[in-house]
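Here is the structure we will look at.
Please treat every number below as a calculation from the coordinates, not as lab data. A quick note: this is a predicted structure, and the numbers were derived from the prediction, not measured.
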Amino acid sequence: MTTIVLADDHTVVRNALRLLLDAEPGFEVVAEAGDVDSAVRYVRGHKPTVLILDLNMPGRSSLDAVPDIRAASPQTEIVVLTMQNEPAFARRALQAGVRGYVVKEAADAELVQAVRSAAAGDTYLQPALGARLAAGDSGDEGDELSERERDVLRLIALGHTNAEVAERLYISIRTVESHRAHIQQKLSLSSRAELVRYALERGLIET
C-alpha cells in the first residue's frame, strides 16, 4: 500500500486530490495538511510513502522545509504539486531533494504517475517541463518576476507591511502573501533583508 499525506492550503484542492488518489488501486491518503508545519508533523506521525507538497502555503517556504521533512521521515518521498511552471522552480525543487514535480494544470494521470514513480524510488518530472530543462530553458532570475511581483517586491523593500502593499495595489493580503512566497522561492531568498538587497542591486528602489 502506498500511503500519502496531502499538503495544500486549499480545502477544495485537497478534497479533489483525495478523491482522485483514493480511487487508485494501492493508494491510501492518510492525512491532509493545510500548511507547511502541519505537513512536517503529519509526515513525522504517519511516515507515509509519499508526501504531495504544494509549494505555496502559509508560513515558511515549502522547499526550505524539505530537510525537516527528510529528518521526520527519511523514507518518505516528496512530490511537488504547484502552479509554478518555470523550469527554474523545478530545478530548485529537484536539487532540494524532491522526487517529483507536477504542475497543477497537468492531467490527473500525471500526478498518479508521479506518485507511483516516487513510491518506486524513481524521479518524475512533468514531460513539458523536462523538455524545457533539457533545452536549457532556465531563464535569468531577474526576468522570472512578473510585473506585479516586481511591484510587490518594491513595496516590501521600501518597508511596507503586507496590508499596506495590499491597499496600495488594490489586492487582498492573501494575494500579497502568495506573491511574496513566489518571489522568495523564485529568487531563493528567505528574509526581508535579502529582498531589500536584491531590490537595491536590481535598481527597483533607490538608496
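Hull volume per residue, based on the alpha-carbon atoms of the chain and their convex hull, is 116 Å³. The Cα trace of the stretch 141-201 gives Rg and Dmax of 10.4, 28 Å, the first to one decimal, the second as a whole number.
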